[in-house]
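The values are calculated or read from the model by the stated rules, or taken from the named source; none is laboratory data. Quick caveat, the model's predicted, so the values are computed rather than measured. Reconstructed Cβ throughout: ideal geometry from the backbone, glycine too, with neighbour counts over all protein chains shown.
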């Protein structure tokens with residue numbers, strides 16, 4: 001599949017002096033310096049030739065467009081026109097335009113898996129809403145949030161380019177770029193095609209719960225990496241991402257997919273989010289319960305957990321189903337767990 005991604009670097013006050021951090025993120029995101037990707041800026045930035053970063057492209061002047069939102073930033077006008085500006089460069093062999101923010105990481109293989117489900121000759125506007133209910137109320141549940149990333153098929157991009165400048169003139173009071181794109185999509189009559197693996201993450205703090213209980217769909221993107229806690233608590237942001245991408249080498253399709261195991265001998269419930277985290281909850285009751293006839297075995301003696309899994313690159317070409325999980329025969333210090341496709345009649349039950 002031929003696709004070209006345009007990374008957006010918003011013109012925000014918080015971005016001042018952050019070019020070096022941005023370079024680290026982009027290198028780790030796997031953005032080679034070829035013509036299939038580009039960073040759209042409103043001004044030039046200094047990047048060395050040997051840094052392996054995408055081509056820098058300067059956005060067109062947008063001062064002719066009215067902007068009246070007192071809480072937003074005019075950069076939303078510029079960012080909303082990136083697809084149209086890129087289309088006018090006449091890129092070859094393009095099926096999709098893939099938009100992302102500078103603080104977003106994509107699992108590229110899963111982007112391709114998602115797009116391969118759709119006919120690129122049709123009009124598609126693909127993405128997801130925010131995990132924040134308040135954000136969706138304030139903006140819309142029908143918007144593809146750009147932080148999580150979204151895709152526009154080539155034919156739809158051509159239609160958007162024809163009307164966009166007229167369209168955005170009609171909505172000077174909108175806040176940013178995402179709502180302007182959605183307004184123009186509404187005028188074109190194209191709804192949002194939802195894919196829940198795109199994650200806007202308008203949240204603060206630790207993403208463990210959200211990532212560890214990922215929906216049964218490919219993980220496509222993680223946004224706001226400069227705001228949320230490092231995804232691996234004992235590491236820095238970039239180091240944690242590198243560790244996550246080590247897991248991606250083995251099975252990109254299954255990254256973050258959750259399975260639930262029950263060890264009936266030891267009365268343990270175990271959650272395995274493949275490639276990311278294993279969780280076992282053990283709480284001591286503060287009061288004695290004389291009628292309990294069983295005792296739970298403590299997991300404190302476990303020094304290592306080994307998860308065995310066979311890669312399944314074609315899992316999303318079949319009907320979605322959560323993987324099954326089994327606790328294998330183990331010794332006192334090492335716990336062995338198998339994760340894989342469920343067999344006929346197999347369930348996760350106590």
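Condition test on residue 179, is it modelled with pLDDT of 95 or more and closer than 20 Å to residue 100 by Cα? Judged against the criteria, residue 179 is a match.
Restricting 30, 17 to those that are modelled with pLDDT under 90, in contact with a helix residue (DSSP H, G or I) (Cβ under 7 Å, 6 or more places away or on another chain), part of a loop (DSSP other than H, G, I, E, B) and surrounded by fewer than 17 Cβ atoms within 10 Å (Cβ to Cβ) reduces the list to 30. Given the condition within 13 Å of residue 182 (Cβ to Cβ), more than 16 Å from the chain's Cα centre (by Cα) and free of Cβ contacts under 8 Å to residues at least 12 places away in the same chain, answer yes or no: does some residue in segment 123-136 qualify? Checking segment 123-136: at least one residue is within 13 Å of residue 182 (Cβ to Cβ), more than 16 Å from the chain's Cα centre (by Cα) and free of Cβ contacts under 8 Å to residues at least 12 places away in the same chain. Residues in segment 123-163 that are part of a helix (DSSP H, G or I) and more than 19 Å from residue 88 (Cβ to Cβ): 133, 134, 135, 136, 137, 138. Any chance you could count how many residues in segment 312-340 are touching a residue at least 24 places away in the same chain (Cβ under 8 Å), in a loop (DSSP other than H, G, I, E, B) and surrounded by 13 or more Cβ atoms within 10 Å (Cβ to Cβ)? Number satisfying all stated conditions: 3. Can you find a residue in segment 155-174 that is closer than 16 Å to residue 115 by Cα and out of contact with any helix residue (DSSP H, G or I) (no Cβ under 6 Å at 6 or more places or on another chain)? The answer is yes; a qualifying residue exists. For residue 330, the conditions (1) within 25 Å of residue 247 (Cα to Cα); (2) in contact with a helix residue (DSSP H, G or I) (Cβ under 7 Å, 6 or more places away or on another chain); (3) modelled with pLDDT under 85 all hold with the exception of (2).
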